[in-house]
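Please treat every number below as a calculation from the coordinates, not as lab data. Quick caveat, the model's predicted, so the values are computed rather than measured. Note that we place each Cβ from the backbone using ideal geometry, even for glycine, and neighbour counts take in every protein chain shown.
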């Protein structure tokens, strides 16, 4: 499946809630969900109640779009989560949260996950002293994520970090705002993950 390149606000409207794909715009009055709280398309306002399968599909699509992945990528994460010990749905969320692009977003070093993904691809971050340009890189407890030494002097990076300085950082990440370093303390528990994801419906969808 090719990456979606259309208007991202349509994705939020399709899922009926904010997925925070456009950074600051999502918190303003320009947010498409607030202005047109119904699915896009000519039949958007006349949709009927979803079936059980429809609810499961929407839960999967919502999570996939929230974290910005293709269907094949998302399914691969589910298969990994299924093989791990523990609750499959929670394992899936921990894997998604441990991605480097999500870590960068959670730390406030990007306004949105799409922006975080772009910054990672451009090589602005290091993990354990090694430059990583793969957004799907999975961090582990104990990993130290830093802004690259050359990137710290770039005005664009400075502006982005300053604009998101008030971004709340989850407790499972230890951020030093002065040195632009952060340590992954542990993988988050379910109650620490603030995401519009109904993981049980996703498990049911893939279990059919």
Rounded to one decimal in nm, the spacing of the 7 Å Cα→Cβ label points at residue 144 and residue 76 is 3.0
Rough spin-label spacing in nm, given labels placed 7 Å along Cα→Cβ, for residue 169 and residue 85: 3.1
Starting with the highest mean, order 194-203, 101-110 by the number of other Cβ atoms within 10 Å, averaged over the residues of each peptide. 101-110, 194-203
Let's test the formula: R0 of 25 Å, r as the Cβ-Cβ distance of residue 159 and residue 194. What FRET efficiency results, to the nearest 0.05? 0.50
Region 99-186 - Rg (one decimal) and Dmax (whole number), Cα, Å: 11.3, 32
